[in-house]
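FYI, it's all coordinate maths here, none of it is from the lab. Fair warning: this is a prediction, and the values are worked out from it, not measured in the lab. Quick reminder, even Gly has a Cβ in these numbers, built from the backbone with ideal geometry, and neighbours come from all protein chains shown.
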Amino acid sequence: MNISERITTPFETRNMGQTLSEPVTTRDTACCQDKKFKVGSSCMQGWRVNMEDSHTHLLSLPDDADTAFFAVYDGHGGAKIADYAGRHLHKYVIKRPEYQEGNIAEAMKQGFLELDNHMRYEESLGNEPSGTTAVTIIIKGNKLYCANVGDSRAVASISGKSEELSEDHKPSNSKEYNRIVAAGGWVDANRVNGSLALSRALGDYAFKRNQYKGPEEQMVIAYPDVVERTIDENWEFIVLACDGIWDVMSTREVVRYVRENIAAGLEPEDICENLMMRCLAPDCQMAGLGCDNMTVVIVALLHGDTYEKLQEKCKVPIVDPTLFEQLLAKVERGEYISSTTFYEPEDQESEEENDESPANEQSGNSEKCGVE
C-alpha cells in the first residue's frame, strides 16, 4: 500500500459478554505526510469483545490526485458494514456525476445513499444486520467538505478555537424524531424502536423496510449532513474520532489536548495513542464511559510549510476575544487586570443534548446498552 494511503479494517477477539475482563490496549497506529498534510491515526479495541471500527486516510484520491479523503467508521452489531464502507465509500463518491461536475457536497450525499443501497444486496455481506456511523472529510484545494451520519465527529482547531464540522444524529433530535415516527417507528430510551441509539447510519437495514417511504424517509437513513468550509492559514488541524472519544471528552477538550501535545513536540500518531489511553476507563464493571472501541485520526494542516512551524503556532496561547469587553469594563472601574485576562480559561464544556423533543419527554435517561 502506498505510504499516502491508510485503510484500517476491524479485527476480532472472541469472548463471552459485551466487555472483556481486561482491555485490549494494542494500538494499530499509522502515519503519512505530504506537503499539505501530516496525518496520524490509531485505533484500539479497549474493553469491547470485538473491534468494530474502521478508518481511512488517503492523501490522494484515485483519479483525483489533488484531493484528500479522511474518514472514521464506528460499527455496531458487527464489523462487516464498517469494514466495507471503509474500503469503498470514497470510491462511490468520486464516481458520482456530481463529483465530476464539481458539486462535491451533492456527490457525497448521493455516494452515501448509493453505497448503502449496494451493501443491502451485496452477496459477500449476506444480509448483514450490522451498521456503522461515518464521518468523512474531503479536502480539495482550500475547500473542505464534511459529510456524516451517526455520532462520530470531526472538529477543527482554528487559531486554537474548536469548530465542530459535524452534528450528531440522535433519535431525541426533533427533526430525527419526527421522521422516525412518520416512518412507523418510535423512540424509547433515546433509541429507535428502543434499540438503536442513532437515527442515521450506513447499514441497519432492519430500520429501512418501509416500502412506502424513500431512502431519505426511513426510520434510519444513510443520507448525510454536509458542511462546507474554506480553509485558511488559521486552520491548524482536524480531529476525526468515534464516540469512544467524544463520550469521555468534549470537542473543546480534545482540541486543547491535541494542540498542547503538538506544541510539546509530539507526532500526530503518538497524540492519537495518548488520547485513547487518556479516555480508556480503568475498569468497566458498569460498561460505561471509556469502555468502547476507540479510533482517532489527526490531520495536521501544513499549508505547504513544515510540521515544526505548526508546532510553533500551537505554542501561542489561545486568546479569547470576548474578554476584551470585560477588560474595558475593568479599566473603566479601575480594577486590577492580570496577565492572563485575555487567555481562554480552563473551562468546563458540557455537550448538551436536545431535550426539546417528545422523545425525551417519554424516555428519560439513556443507558449505554443494546445496539449503539
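From most to least packed by mean Cβ count within 10 Å, the peptides 297-308, 147-158 give 147-158, 297-308.
Put in order of Cβ neighbour count within 10 Å, fewest first, the listed residues Val39, Val226, Val331, Val49 become Val331, Val49, Val226, Val39.
As an exercise, use a Förster radius of 22 Å and the Cβ-Cβ distance of Asp34 and Lys95 to find the FRET efficiency, rounded to the nearest 0.05.
0.40
Semi-axes of region 66-172's equivalent ellipsoid from the Cα gyration tensor, sqrt of 5 times each eigenvalue, largest first, rounded to whole Å?
Working from the Cα gyration tensor, I get semi-axes of 24, 19, 11 Å.
Give the shape of region 179-223 as rounded, prolate or oblate, defined through the alpha-carbon gyration tensor: a ≥ b ≥ c are the square roots of its eigenvalues, a/c under 1.5 means rounded, and otherwise the shape is prolate if a/b is larger than b/c and oblate if not. Since a/c reaches 1.5 but b/c is at least a/b, the shape of region 179-223 is classed as oblate. The residue list Ala263, Phe237, Pro224 was ranked by how far each Cα lies along the charge dipole of region 224-266 toward its positive end, using unit charges on Cβ atoms, and Ala263 comes out on top.
FRET efficiency for the Ser60 to Lys309 pair, using the beta carbon distance and R₀ = 35 Å, is estimated at 0.95.
Entry note, region 226-294: relative contact order of 43 percent, from Cα contacts under 8 Å with a spacing of 6+ residues. At full extension, Met277 and Glu216 could sit 18.2 nm farther apart than now, given 0.36 nm per residue minus the alpha carbon distance. Computed over region 131-252, relative contact order equals 33 percent, with contacts defined as Cα pairs under 8 Å that lie 6+ residues apart.
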